[in-house]
Each structure stands twice: as C-alpha cells, then as structure tokens.
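Working notes for the structure below.
The values are calculated or read from the model by the stated rules, or taken from the named source; none is laboratory data. Because the structure is predicted, anything quoted here is derived from the model rather than measured. Here the Cβ positions follow ideal geometry from the backbone for every residue, glycine too, while neighbour counts run over all protein chains shown. Surface accessibility is based on the protein's heavy atoms, side chains included, excluding ligands, DNA and RNA. Shrake-Rupley method; radii C 1.70, N 1.55, O 1.52, S 1.80 Å.
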Amino acid sequence: MLFPALLRPKSPVQEDRAHDSQSSHTGKLAASALAAPAIVSRAAAQRQGGGARVQAAVARFAALPAASCMVAADHLTAPWQASHLPAARLFIGSAVKTFILAQYLREVEAGRLTEDQQMKIDDAVRSLSSPVFLNLTGTTPARSVLEAMIAHSDNTATDMALAAAGVDKVRALIAEAGLGATQVPNSTRRLFSWLAGAPEGVDLGWEGVQRAVAAPPVGATRPALNDHQTMASTAEDMVRWYRQALRGVYFQKPETLLEFKRIQAMADAIVHVVPPDTIAYAKGGSIEWAGFHCFCLPGQMIVGKVPVTFCFTINWTGPDDGVGAIFKSYVAAVADVLKEAAQAVG
C-alpha cells in the first residue's frame with residue numbers, strides 16, 4: 001500500500017469487538033461527511049474562476065467515510081482556503097512523524113545530536129511495519145534513520161529517532177506550535193502495546209508485540225483513537241504546522257529548514273496526488289487495526305511561488321477487504337482537490 005499499515009492484527013473476533021467500540025464515533029463522523037464544505041475568499045474565486053471548482057472537488061472528497069480536510073492557498077494578494085470539518089479530531093497514523101523529524105533536527109541545531117552519529121538497530125527498538133530495518137541488526141547513521149522514517153514510514157526508525165529526540169521534547173514542540181488537538185504516542189511499539197491491551201506505559205517488547213499480532217488477547221483491544229496512546233490531530237492543526245514549519249518558524253538556521261524540506265520531500269505519497277512536476281513536502285499515515293482504518297495526508301505544495309498547504313484524513317470502521325477500494329477513491333479524491341487548487345492559484 002502507498003501508506004504502509006501500522007498494525008495488522010488477524011483475529012476476526014477482535015475486529016468485531018473493535019467495530020462495536022468505535023461504530024458510534026465513526027458513525028457520527030460519517031453521517032456528517034456529506035455536509036457542505038466551506039470555502040472563503042470570494043475575491044479569489046472571482047479573480048481566478050477556480051473557487052467553485054475547488055469547492056466541488058472538496059465536496060467530492062467529503063463523500064468519503066468520516067472525511068475531514070483543509071486546503072489553504074497563501075496567495076500574496078488573494079489568499080483563500082477551502083475545508084470540510086477541519087476541526088474534527090481523527091486518527092492520522094504516521095503523519096505525526098513530521099514532528100519527530102523536526103525535533104530531531106532542532107536537537108542537531110542545539111549541538112546535542114548529529115545526523116552522522118551511529119544509531120543502534122536491534123530487538124530493543126524493533127517495531128512492526130518496518131520495511132527498511134525489520135530484519136537488520138547493527139548501526140546506521142541518524143540521517144538514514146530519519147530518511148527511512150519519512151520515505152518508507154519505517155516504525156523502527158521512528159522509535160529510534162523519537163527516543164533520541166525525546167518524546168517530551170516532541171510534545172513540547174507540538175505545544176509551542178499551538179496544536180492543541182495533536183497527540184503522539186510514547187513510541188509506535190508502546191502504541192501497539194496499549195492497543196493490544198497492555199497497561200499504559202508498558203512496552204510488550206519485540207517478542208510480545210509479535211505474539212499479540214499472531215493471537216491478540218480476546219476482549220483486550222482498545223480503539224486507535226483515544227486519549228492515552230494514539231496518533232491524532234485535526235486538519236486545522238496539520239495545516240497550521242506545515243504553514244509555519246516550512247517557513248522555518250521552528251528552526252534557528254537556514255540549513256536546518258533546508259534539511260527538513262529535503263527529507264519531507266521524500267514521502268512516497270507525493271508523486272501520486274500532487275500535480276506533475278510540482279514541488280511538495282508531506283508525510284502520510286494509515287492504520288488497519290481490528291476493523292478500524294485511516295488514511296491521512298498533510299503537507300504543502302508550491303504552485304509558482306504560492307504555498308498551498310493541505311490535510312486530507314478519513315477514518316472508518318469496516319472489513320479489511322474493502323480497504324483497497326476506499327484507498328483508490330481516497331487517492332483520486334485528494335489528487336482531484338490538489339489539481340483544482342493548483343489551477344485556482346494559477
């Protein structure tokens with residue numbers, strides 16, 4: 001999949017129980033998904049003639065399950081934005097890895113870390129959904145860890161970078177940015193441990209995580225969207241973050257911003273949704289957990305010299321065999337909105 005699933009338990013019993021626990025929440029979101037999208041700045045619509053087309057594309061995205069989105073064009077003379085339920089707090093999966101990248105680079109700025117330092121890979125940090133480091137043991141430069149985290153959404157790399165940067169410092173950065181609805185877990189492995197029924201703060205370990213995936217304890221699973229160990233945010237928060245971070249607000253040195261952009265430009269989702277030959281920075285996320293699913297893509301594209309910042313998230317509960325079709329519709333809908341947004345900007 002374009003956005004690798006974070007967790008993939010196999011028990012149909014767990015899927016049924018998770019469906020019961022979340023159906024009320026996701027049902028309410030889905031019921032409101034067809035509400036009319038909001039669009040501001042009539043002047044921009046009149047000047048470019050693209051306002052109605054952007055609004056129509058957002059409405060098509062809004063027809064997806066429990067959809068939330070926001071698109072903001074920071075045109076110098078006629079800025080505009082379009083959105084659908086932008087304040088909805090949803091599960092966003094690996095999209096939170098942008099905060100880990102930023103804080104690690106801030107630690108480099110402060111001289112406490114480097115990108116050249118060797119980082120240890122072993123079972124002490126190994127996590128699920130790690131396409132780069134899953135079967136490797138040894139050391140590698142921190143730069144490769146950061147790249148694996150963003151380009152391949154490698155969760156072992158994520159836990160290595162998060163431990164080095166410090167989860168408390170990452171949360172402090174989120175607070176500094178004013179992202180009140182955004183939450184990151186202590187690690188991806190502790191997130192999985194919590195979802196599988198372990199007490200909060202308990203790490204099941206690499207062997208324990210694998211056992212939980214092979215045979216999850218009946219009745220122990222918890223919903224992915226929660227107030228304890230989760231990956232949550234809103235479209236408003238994510239658009240605010242990328243608008244500020246990509247201007248260098250949270251960095252002290254130009255070279256740090258350049259490195260942040262370089263790595264964020266490696267996200268594999270970009271080429272599938274952004275208009276051809278358009279500069280863009282992003283990090284997507286997803287999950288498949290006990291019948292609960294998420295796709296999320298926040299980021300920014302540069303149209304001419306105009307930043308167009310966006311976030312598209314859907315959460316839903318349903319059978320795993322329907323994920324492929326919804327994913328295809330999601331990618332098409334996101335690409336449609338970004339195409340119309342680029343044309344509206346000019």
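Open to solvent by 40 Å² or more (accessible area, probe 1.4 Å) and either at pLDDT 90 or above or within 28 Å of ARG171 (Cα to Cα) (or both): does that describe GLN46? Considered against the rule, which asks whether it is open to solvent by 40 Å² or more (accessible area, probe 1.4 Å) and either at pLDDT 90 or above or within 28 Å of ARG171 (Cα to Cα) (or both), GLN46 comes out as no.
Among residues of the stretch 134-152 that are farther than 15 Å from ALA163 by Cα, those with a beta-carbon under 6 Å from a residue that is surrounded by 19 or more Cβ atoms within 10 Å (Cβ to Cβ) and not hydrophobic (A, V, I, L, M, F, W, C) at least six positions away or on a different chain give the pairs ALA148/ASP154; ILE150/LYS283. Just checking, does the stretch 282-303 include any residue being free of Cβ contacts under 8 Å to residues at least 12 places away in the same chain and not aliphatic (A, V, I, L, M)? No, that holds for no residue. Checking each residue in the stretch 250-273 for being hydroxyl-bearing (Ser, Thr, Tyr) and closer than 19 Å to PRO298 by Cα picks out only TYR250. Here LEU179 clears all of (1) part of a helix (DSSP H, G or I); (2) under 16 Å from the mean Cα position of the chain (by Cα) except the condition numbered (1). Beta carbons closer than 6 Å, at least 6 apart along the sequence or on distinct chains, pair a first residue in the stretch 234-256 that is farther than 21 Å from ASN315 by Cα and among the basic types (Lys, Arg) with a second that is at pLDDT 95 or above and surrounded by fewer than 19 Cβ atoms within 10 Å (Cβ to Cβ) for LYS253/GLU109. Being under 23 Å from CYS296 (Cα atoms) and over 17 Å from the mean Cα position of the chain (by Cα) is the filter here; which residues of the stretch 228-249 pass it? Within the stretch 228-249, HIS228, ARG247 qualify. Inclusion of VAL145 among residues that are β-branched (Val, Ile, Thr), at pLDDT 90 or above and open to solvent by less than 10 Å² (accessible area, probe 1.4 Å) is warranted. Per the conditions (1) within 17 Å of the chain's Cα centre (by Cα); (2) surrounded by fewer than 22 Cβ atoms within 10 Å (Cβ to Cβ), the sole criterion not satisfied by ASP116 is (1). Note on the stretch 139-176: residues that are closer than 14 Å to ALA95 by Cβ and not in a helix (DSSP H, G or I) total 1. With the requirement that a residue be hydrophobic (A, V, I, L, M, F, W, C), more than 14 Å from ALA177 (Cβ to Cβ) and open to solvent by less than 10 Å² (accessible area, probe 1.4 Å), what does the stretch 101-110 give you? Listed by number, the list holds a single entry, LEU105. Scoring ARG89 on the criteria (1) modelled with pLDDT of 50 or more; (2) open to solvent by less than 70 Å² (accessible area, probe 1.4 Å); (3) of a type outside the set (S, T, N, Q) leaves a single failure, condition (2). Report whether or not ALA56 is among the aliphatic types (A, V, I, L, M), surrounded by fewer than 24 Cβ atoms within 10 Å (Cβ to Cβ) and farther than 20 Å from LEU338 by Cβ. The answer is no for ALA56. Suppose the filter is touching a residue at least 12 places away in the same chain (Cβ under 8 Å), surrounded by fewer than 23 Cβ atoms within 10 Å (Cβ to Cβ) and charged (D, E, K, R); does ASP159 pass it? In short, no.
The residues listed here are ARG190, ARG247, ARG240; of these, the one that is modelled with pLDDT of 95 or more, assigned to a loop (DSSP other than H, G, I, E, B) and open to solvent by 20 Å² or more (accessible area, probe 1.4 Å) is ARG247.
Within the stretch 112-123, residues that are closer than 16 Å to THR137 by Cα sit with their Cβ atoms under 8 Å from residues that are among the hydrophobic types (A, V, I, L, M, F, W, C) and open to solvent by 60 Å² or more (accessible area, probe 1.4 Å), at 6+ positions apart or across chains, in these pairs: ILE121/LEU136.
Counting only helices (runs of 4 or more DSSP H) that sit wholly inside the stretch 251-346, those with at least 3 residues that are touching a strand residue (DSSP E or B) at 6+ places or on another chain (Cβ under 6 Å) and modelled with pLDDT of 95 or more are 323-345. Within the stretch 309-325, none of the residues are open to solvent by 10 Å² or more (accessible area, probe 1.4 Å) and under 20 Å from THR158 (Cβ atoms).
Just so you know, in the stretch 193-227 the residues that are open to solvent by 60 Å² or more (accessible area, probe 1.4 Å) and among the small types (Gly, Ala, Ser) include one that is farthest from the chain's Cα centre (by Cα), and it is ALA215.
Answer with yes or no whether THR98 is touching a Lys or Arg at 6+ places or on another chain (Cβ under 7 Å), open to solvent by 20 Å² or more (accessible area, probe 1.4 Å) and at pLDDT 95 or above. No; evaluated as a whole, the condition is false for this residue.
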